[in-house]
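The values are calculated or read from the model by the stated rules, or taken from the named source; none is laboratory data. Predicted, not measured: the structure shown is a model, and the values here were computed from it. Cβ sites come from the backbone with ideal geometry, for glycine too, and all protein chains shown count toward neighbours. When the accessible area is computed, the model is the full protein with side chains, heavy atoms only, and any ligands, DNA or RNA have been set aside. Shrake-Rupley method; radii C 1.70, N 1.55, O 1.52, S 1.80 Å.
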Amino acid sequence: MPKYPGGFNRSVVGALARWRVGWISLLAVAAISWVAASDSVPSNQEYQLKTAYLFHFAELAEWPESAPVNICLLGDSPLRDYLPVLEGWQIDNRVVHVSLGDNIDNCRILFLSDLHVLSKAVSEYARIRHVLLVSDVEDFARRGGMVQFTLRDNKLKLVVNLPAVRDAGLKLSSKLLRMAEIVQ
């Protein structure tokens, strides 16, 4: 089987390449596939799916001003192995860049690996600089984060803290919000 950047397998790379056909279908198929084989599937497919979601968040979020799409990771997460595959992809003629270091300047989407990283300073930075904060840590959205991945009934779900998103001057597509549990 051929090797793809970031450890993606052929089916995921092909699915990502066809994202314009219908991203919701892609995510649904990936989630169903992942759930169907959840007992034997290595966790790398979970992180491949989260990587695909982060790309689609960049498509489905609206920022107050146009800027390059920078997806950043702060902390130690298995996503570190998968996010680089998004480097150089484009969204509406804007190139996607990935940053895995501690520098969070110019991030549009910031994935936080730990809840303790969600400090008042980071939340305020996100609010002022219009950064979409995302994590897969339990209670992230309820503690002021914006979008949280959570596993329920062996399915990857989204929890969105809509007031925090709005406070940061961001808008999320109704397509994304329909898939999410909303925290008010």
Checklist outcome for this item: Expected output for segment 126-137 (first residue among the small types (Gly, Ala, Ser), partner buried (at least 24 other Cβ atoms within 10 Å of the Cβ) and part of a strand (DSSP E or B), Cβ below 6 Å, 6+ apart or cross-chain) is ALA126/LEU133; SER135/LEU112; SER135/GLN148
Item to check | Pairs, first touching a residue at least 24 places away in the same chain (Cβ under 8 Å) in segment 151-162, second among the hydroxyl-bearing types (Ser, Thr, Tyr) and open to solvent by 20 Å² or more (accessible area, probe 1.4 Å), C-beta under 6 Å, six or more apart | outcome: ASN154/SER38
Checklist entry - Name the pairs whose Cβ atoms lie under 6 Å apart, with the first residue in segment 61-80 and at positive phi, the second open to solvent by less than 30 Å² (accessible area, probe 1.4 Å) and in a loop (DSSP other than H, G, I, E, B), and 6 or more positions between them or separate chains? => result GLY75/SER113
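Just for segment 127-150: of the residues that are loosely packed, with under 14 Cβ neighbours inside 10 Å and not basic (Lys, Arg), which one is nearest to TYR53 (Cα to Cα)? Please lay out each step first, then the result.
Here is the first cut: in segment 127-150, the ones loosely packed, with under 14 Cβ neighbours inside 10 Å are 128, 138, 142.
If we keep only those that are not basic (Lys, Arg) as well, we get 128, 138.
Working: ILE128: 24, GLU138: 18 Å.
Looking at residues that are loosely packed, with under 14 Cβ neighbours inside 10 Å and not basic (Lys, Arg), I get GLU138.
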Checklist outcome for this item: Within segment 103-130, residues acidic (Asp, Glu) and part of a helix (DSSP H, G or I) come out as GLU124
Checklist entry - Residues in segment 163-184 that are in contact with a strand residue (DSSP E or B) (Cβ under 9 Å, 6 or more places away or on another chain), touching a residue at least 24 places away in the same chain (Cβ under 8 Å) and more than 16 Å from ILE109 (Cβ to Cβ): how many? => result 3
Checklist entry - Any idea how many residues of segment 165-181 are open to solvent by 20 Å² or more (accessible area, probe 1.4 Å) and part of a helix (DSSP H, G or I)? => result 6
Item to check | Output for segment 109-126, where each listed residue is over 13 Å from LEU73 (Cβ atoms) and open to solvent by 10 Å² or more (accessible area, probe 1.4 Å) | outcome: LEU115, HIS116, LEU118, SER119, LYS120, ALA121, VAL122, SER123, GLU124, TYR125
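In segment 133-155, which residues are assigned to a strand (DSSP E or B) and either out of contact with any Phe, Trp or Tyr (no Cβ under 6 Å at 6 or more places or on another chain) or small (Gly, Ala, Ser) (or both)? Break it down into steps so the answer makes sense when it comes.
Residues of segment 133-155 assigned to a strand (DSSP E or B): 133-135, 147-152, 155.
Hits for segment 133-155 are LEU133, SER135, VAL147, PHE149, THR150, LEU151, ARG152, LYS155.
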Checklist entry - Out of all the residues in segment 135-181, which are under 14 Å from the mean Cα position of the chain (by Cα) and charged (D, E, K, R)? => result ASP136, LYS157
